[in-house]
Structure formats: C-alpha cells, structure tokens
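What follows is one structure encoded as structure tokens, with my remarks underneath.
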C-alpha cells in the first residue's frame, strides 16, 4: 500500500490563499450591512412596477447576504481543516521519527 505524505508547505500555501480570500470577503461584508452604502434600499418610486422591483431587490440582497455568510463559514471551515491536517502531519512525523530512533537503538 502506498504511503500517504502530507506536504506541510503546500498546506501552508493553500491556507494563505484561503485566508486572503476570507480577509477580502470580510472587507466586503460590512459594506452590505443595513445603513451602509451597499445596504441601502434604492428609491424605486411610486410606479406600478416599483413594488415588484423592490421585492426583487430585497430578495436579491437577502440571497447575496446569505451566500456571503455561507461562503465565510465554508472558508473558516477550510482553514480549520487545514490546521487540523497540519497538526496531524506533525504528530505523525514525530511518531515516525520516534519509531525510527527506536529501531536505531536496536542496531
């Protein structure tokens, strides 16, 4: 059976990319909050289609907000998984090193 090897440098690089994406996302989210520039409801006027436009806008804004929150949660989960994988790789490397030291002492 092939031995699985975890490249800790690749994990760190990927964690950096995910962290940068998360940081960018977290810089966007406050602008969508109520009262902020992108969180304000446009003035749709009093035309017949205004109520439909308002409903469509509110639905779009809520869906966008929910998707950003889901993406934020997913990125946090990815970082946690990468951290756990790196920790397990270090533990595995230490166990293998200890085992090799044990064999060396038998020689």
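The values are calculated or read from the model by the stated rules, or taken from the named source; none is laboratory data. Quantities reported herein were computed from a predicted structural model and do not represent experimental measurements. Glycine also receives a Cβ, built like all others from the backbone with ideal geometry; neighbour counts cover every protein chain displayed.
Remarks
- Members of the stretch 41-50 that are surrounded by 11 or more Cβ atoms within 10 Å (Cβ to Cβ) and either assigned to a loop (DSSP other than H, G, I, E, B) or at pLDDT below 90 (or both): 44
- Members of the stretch 13-39 that are loosely packed, with under 11 Cβ neighbours inside 10 Å and not in a helix (DSSP H, G or I): 34, 35
- Evaluation of residue 54 against (1) exposed (fewer than 12 other Cβ atoms within 10 Å of the Cβ); (2) more than 28 Å from the chain's Cα centre (by Cα) (one fails), failing number: (1)
- Residue in the stretch 71-85 that is loosely packed, with under 12 Cβ neighbours inside 10 Å and either modelled with pLDDT under 90 or touching a strand residue (DSSP E or B) at 6+ places or on another chain (Cβ under 9 Å) (or both) present: yes
- Flag for residue 10 being loosely packed, with under 11 Cβ neighbours inside 10 Å and closer than 30 Å to residue 91 by Cα: yes
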